[in-house]
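Novice: First the structure, then my questions, so here it is.
The values are calculated or read from the model by the stated rules, or taken from the named source; none is laboratory data. Computed from a predicted model, the values in this text were never measured in an experiment. Cβ coordinates were reconstructed from backbone atoms using ideal geometry, including for glycine residues, and neighbour counts include every protein chain displayed. Accessible surface is based on the protein model in full, side chains and every heavy atom, while ligands, DNA and RNA are left aside. Shrake-Rupley method; radii C 1.70, N 1.55, O 1.52, S 1.80 Å.
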2 protein chains.
Amino acid sequence: MRLTNAKSVKQGIRAVAARAGVSTASVSRALNNPDAVSPSLRARIEQAIDALGYIPHAPARILSSRRSRTLGAIVPTIDNTMFARGIASLQQYLSSVGYMLFLTTSGYDLDVELQQARNLISRGVDGLVLRGDCHHEGLRKLLADNAVPFINVGIYQPDRPHPCVGTNNEAAAHRAAAHVIELGHRRIGIVSALQRNNDRASARVAGFRRALTENGLELPPQWHVEVPYTLDDAREAARYLLSLKDRPTAVVCGNDVIAYGVLLEAERDGFSVPRDLSVVGFDDLDWSRHLRPSLTTIHVPTGETWQRAGEYLVRSLAGEQTIMHREIDFSLVVRESTAPPLKS
Amino acid sequence: MRLTNAKSVKQGIRAVAARAGVSTASVSRALNNPDAVSPSLRARIEQAIDALGYIPHAPARILSSRRSRTLGAIVPTIDNTMFARGIASLQQYLSSVGYMLFLTTSGYDLDVELQQARNLISRGVDGLVLRGDCHHEGLRKLLADNAVPFINVGIYQPDRPHPCVGTNNEAAAHRAAAHVIELGHRRIGIVSALQRNNDRASARVAGFRRALTENGLELPPQWHVEVPYTLDDAREAARYLLSLKDRPTAVVCGNDVIAYGVLLEAERDGFSVPRDLSVVGFDDLDWSRHLRPSLTTIHVPTGETWQRAGEYLVRSLAGEQTIMHREIDFSLVVRESTAPPLKS
DNA sequence: ACGCAACTTGAAAACGGTTACAATCTAAAC
DNA sequence: GTTTAGATTGTAACCGTTTTCAAGTTGCGT
């Protein structure tokens, strides 16, 4: 039933135009570029708009203008404080400049990420925010074919041809490991996040290892454990490390949640932190200051990082020239969980 | 420059149709209702589709079909584990049934919520997921005027005319308070979340108070403190409560984060939990099991709640009849943070 | 062979906006 | 008093789909 009563247009921009006695073009202009229409007309139009409770139909607008003022973001999971914070900042920024955000999750699965990207492009997003630079083969092609601007967040890779914004995870991890080495530790274990499809986790491990190597320290295979992002898994890893007869005196962790697990388990197994074991985290979540002992960790300004990602895309879309590779500073926050090793 | 070269259509469904030697109608059918086109045609079309890397243009589809297979959700903040979990579940469910989610945040501001709703409706969402039943006057009107289905999540109000799904916060809070009363406590304090524009927080306070009243217990004004959703604020509240010369022997908290703050601060001030102070939380976040002492709290199946909200809307949109008011069970999880009061 | 129902397919009109272009109307410059 | 540049407004084509309707096929009972 597509009959349209020519006499009375019930809704849409045409109804507004009819009521205000102007053309649809003028209504459109009054909405998108108010300065282009005379004050008197504008007044009539605005009056008609809220008399009718008119709400512009975004899809039609997108179809016609070929711009959606919408960005898409694909994160591995929203159920991770770091991503939640980042997304919150990004969204807040975008909303402040009149953009919207389409958020999807990939669950660390590259195929899913590709699928979601297709989905978002189909949806007409103007640009894409991606986590890291570890993507499906087809994703780059997809982005190139459809000329969709994008940026990789959470990593810093000045040598790569793709835009990115984030901290240098390798350097930050190096700093974390250097800290315990400076304290005098020579027996250092690593509990990292899963490295598969996670370049951030990998970079951190690389940084840890480089620090060890540079200082002539060995890393026995059993001193490096990978665990999922949960307290339970981290605790299990800690239990394993602490049960070794030849055990490390310090543990550097791929993120704060892992560090919390190590802290909790160490205490539960009768080890005193930092006396018997030094622990370093990475991310500086809220809990790190509050725990007892409080956690020495790497502080990363997540909110700023994601906001800058949004800025980059919005500016690019506005035709402005912007920096492709932006490094976000980290800092080592020394708290109670690290100390020199016991003299033996 | 809107000239269209009639000879060669570069993109879109027409390009696919041309390449497959069929009409656009058939391509559309092959995409939306494959059974309606013969296998041979379908094969030709599918071949053309991935030869061209064709991606349907959702806005055009929405414009034409008047359905977006997209839902909108407005939460106060994404930076709260409960909401993050809920949204994750909702999104996962929606994605499994071919829907997408538009997520926005209101920051507990009803005006912003209204604005976001307008935004989402403009975007063409088929339905809206809202947090609670505490909304702006104009929001109901907006939803009614535009015939947008919606559901209130996180509360249970069988008497209201609006659909909702969630736990009965009042009853759950009552259960929490009853627990410490059963243990023998007579001096019970409340540290709640901010009640303003937050019916969930209010319902919990109401439940706490009813339990006290029913058992003939007084609640001196200074024993009820409201705090924002942060560890720091909760700690400050705890410090205050514990500094009173006439202080409670048990504290029931509006959520787990508040309870963590109370736990941490009590310990820091030299009080032993649960010996000197019993603490009850609400939500059962991850940390509750891991803390020492572990936290007695109310378990709420957040994921299920939000998924059911999605189910309700999707089913409604499919024309199915569904329950308007669904109650989600809670349970009291007794752990180490509660015990009978010291005999005095 | 024929009629008829059931199934496939295509042509073309929406869907609700934007915007190129033309038309009209100013007011300043000559 | 003309021109004319500039500002304002309207007309109508177009954005990329879906969907109605009609037309063309096919299979089957008679």
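Novice: Taking a label point 7 Å out from Cα toward Cβ, give me the nm distances from B:GLU236 to the same spot in the other copies, shortest first, one decimal.
Specialist: For B:GLU236, the other copies' label points sit at 4.1 nm, shortest first.
Novice: With viscosity set to 0.890 mPa s at 25 °C, what whole-number translational diffusion coefficient in µm²/s follows for segment A:117-161 from Stokes-Einstein and a Kirkwood radius over Cα pairs?
Specialist: 221
Novice: Using the Karplus curve 6.51 cos²θ - 1.76 cosθ + 1.60 with θ = phi - 60°, what ³J(HN,Hα) values do you get for each residue of segment A:19-33, in whole Hz, with x for Gly and Pro?
Specialist: The phi angles translate into 5, 8, x, 10, 8, 4, 4, 5, 4, 4, 5, 4, 7, 9, 8 Hz.
Novice: Something else now. Rounded to a whole number, what is D in µm²/s for the protein assembly as shown from Stokes-Einstein with the Kirkwood radius over alpha-carbon pairs (4 °C, 1.567 mPa s)? Intermediate results must be reported in sequence, preceding the final value.
Specialist: On the way: Rh = 28.0 Å.
Reported coefficient: 46 µm²/s.
Novice: If you take every residue apart from B:LEU114 with its C-beta less than 12 Å away from the C-beta of B:LEU114, what net charge results, scoring Lys and Arg +1 and Asp and Glu -1?
Specialist: Details: positive: B:ARG118, B:ARG140, B:LYS141; negative: B:ASP109, B:ASP111, B:GLU113, B:GLU137.
Around B:LEU114, the charge tally is -1.
Novice: Could you tell me the center-to-center distance, by alpha carbons, between segment B:298-344 and segment B:213-273 in angstrom?
Specialist: With segment B:298-344 and segment B:213-273 each reduced to a Cα centre, they are spaced 25 Å.
Novice: Whenever you get a sec, line up B:PHE102, B:PHE150, A:PHE330 from highest to lowest accessible area (probe 1.4 Å, protein heavy atoms).
Specialist: Working: B:PHE102 10, B:PHE150 30, A:PHE330 60 Å².
The ordering from most to least exposed comes out as A:PHE330, B:PHE150, B:PHE102.
Novice: What does the copy distance list look like for B:ASP111, label position 7 Å along Cα→Cβ, in nm and ordered from shortest?
Specialist: Values, ascending and in nm: 4.9.
Novice: If B:ILE181, A:ILE13 are ordered by their accessible area, calculated over protein heavy atoms with a 1.4 Å probe, which sequence runs from highest to lowest? Write down the numbers at each step before the final one.
Specialist: Details: B:ILE181 25, A:ILE13 45 Å².
Ranked list, largest accessible area first: A:ILE13, B:ILE181.
Novice: Amide H neighbours of A:VAL333 under 5 Å, counting only residues 5+ apart in sequence or on other chains, H built in-plane at 1.01 Å?
Specialist: For A:VAL333, whose amide H was placed from the backbone, the distant partners under 5 Å are A:THR297, A:ILE298, A:HIS299.
Novice: Could you sort B:THR77, B:THR338 by their accessible area in this structure, using a 1.4 Å probe and putting the largest first?
Specialist: Correct descending sequence by accessible area is B:THR77, B:THR338.
Novice: Each label point is 7 Å from the Cα along the Cα-to-Cβ direction; what then is the distance between the points at B:SER38 and A:ARG66, in nm?
Specialist: 3.8
Novice: In Å³ and rounded to a whole number, note down the convex hull volume per residue for the Cα atoms of segment B:13-56.
Specialist: Convex hull of Cα atoms, per residue: 54 Å³.
Novice: Additional query: Between A:ASP159 and A:SER243, with labels modelled 7 Å along Cα→Cβ, what's the label distance in nm to one decimal, could you check?
Specialist: Result: 4.1 nm between the two label points.
Novice: Provide the gained length on full extension for the span A:ASP145 to A:ARG315, in nm with one decimal, where the gain is 0.36 nm per separating residue minus the Cα-Cα distance.
Specialist: Roughly 59.1 nm would be gained on extension.
Novice: With N set to the number of residues, divide the alpha-carbon radius of gyration of chain A by 2.2 N^0.38 Å and report two decimals.
Specialist: Compactness ratio reported: 1.30.
Novice: Using just the helices of chain B, give the 222 nm mean residue ellipticity in deg cm²/dmol: DSSP H runs with n ≥ 4 each add -39,500 (n - 2.57), and the total is spread over all residues, rounded to 500.
Specialist: My calculation for chain B gives -13500 deg cm²/dmol from helical runs alone.
Novice: Check which residues have an amide H placed less than 5 Å from A:SER278's amide H, if you skip close sequence neighbours.
Specialist: For A:SER278, the qualifying residues are A:ALA250, A:VAL251.
Novice: Taking the Cα centre of segment B:94-198 as origin, sum charge times position over the Cβ atoms of Lys and Arg (+1) and Asp and Glu (-1), and report the length of that vector in debye to the nearest 20. Mind showing how you got there, number by number?
Specialist: On the way: 10 positive and 10 negative charges, 50 e Å.
Rounded to the nearest 20 debye, it is 240 debye.
Novice: How much accessible surface area, in Å² rounded to 10, belongs to the heavy atoms of A:TYR108 with a 1.4 Å probe?
Specialist: About 80 Å², rounded to the nearest 10.
Novice: Something else about it: Please turn the phi angles of segment A:148-160 into ³J(HN,Hα) values with the Karplus equation 6.51 cos²θ - 1.76 cosθ + 1.60 (θ = phi - 60°), one per residue in order, whole Hz, x for glycine and proline.
Specialist: 9, x, 8, 8, 8, 10, x, 9, 10, 9, x, 7, 7
Novice: Still on this model: Once you have all Cα-Cα distances for segment A:1-109, histogram them in 10 Å bins from zero and send the whole-percent values.
Specialist: The distribution over segment A:1-109 is 12, 30, 26, 17, 13, 2, given as percents.
Novice: Given a 1.4 angstrom probe, I'd like the percentage of the accessible area of chain A that is carbon and sulfur, rounded to a whole number.
Specialist: Numbers: 7590 of 15610 Å².
Using a 1.4 Å probe with all protein chains present, chain A comes out at 49 percent carbon and sulfur.
Novice: Averaged per residue, what accessible area in Å² does segment B:169-301 show with a 1.4 Å probe, protein chains only?
Specialist: 38
Novice: A further question follows. When the convex hull of the Cα atoms of segment A:207-344 is projected onto a plane and the area is averaged over all directions, what value comes out in nm²? Intermediate results must be reported in sequence, preceding the final value.
Specialist: Details: hull surface 40.7 nm².
Taking the Cα atoms of segment A:207-344, their convex hull projects to 10.2 nm² on average.
Novice: Put a point 7 Å out from Cα along the line to Cβ at A:GLY53; what are the distances to that point in the other copies, in nm, shortest first?
Specialist: Copy-to-copy label distances at A:GLY53, shortest first: 4.5 nm.
Novice: What percent does the relative contact order of chain B come to when contacts are Cα pairs within less than 8 Å and at least six residues apart?
Specialist: Reported as a whole number, the value is 16 percent.
Novice: Can you pull the semi-axes for segment B:290-330, root of five times each eigenvalue of the Cα gyration tensor, sorted largest first, whole Å? Let's see the in-between values first.
Specialist: Working: eigenvalues 214, 19, 3 Å².
Over the Cα atoms of segment B:290-330, the ellipsoid semi-axes are 33, 10, 4 Å.
Novice: Given labels modelled 7 Å from the Cα in the Cβ direction, how far is it in nm from B:GLU182 to A:LEU194?
Specialist: Going by the 7 Å Cα→Cβ label model, 3.9 nm.
Novice: Here's something else I'd like to know. Can you compute the charge dipole magnitude of the protein assembly as shown about its Cα centre, using +1 on each Lys and Arg Cβ and -1 on each Asp and Glu Cβ, nothing else charged? Give it in debye, rounded to the nearest 20.
Specialist: 2600
Novice: Also: For B:GLU336 and A:ASP232, FRET efficiency with R0 = 22 Å and r from the beta-carbon atoms, rounded to 0.05? Don't jump to the answer; show the numbers that get you there.
Specialist: On the way: r = 18 Å, r/R0 = 0.80.
The value I calculate is 0.80.
Novice: Additional query: Interface B/A, total buried accessible area with a 1.4 Å probe, nearest 100 Å²? Write down the numbers at each step before the final one.
Specialist: On the way: alone 17690 and 17670 Å², together 31250 Å².
Heavy-atom accessible area buried at this interface is about 4100 Å².
Novice: Below 8 Å between Cα atoms, with a sequence gap of 6+, how large is the relative contact order for segment A:294-336 in percent?
Specialist: Working: 35 pairs, mean separation 30.1, N = 43.
Computed value for segment A:294-336: 70 percent relative contact order.
Novice: At 1.567 mPa s and 4 °C, plugging the Kirkwood radius over alpha-carbon pairs of segment A:202-283 into Stokes-Einstein gives what diffusion coefficient in µm²/s?
Specialist: Numbers: Rh = 12.8 Å.
Taking Rh from Cα pairs, D becomes 101 µm²/s.
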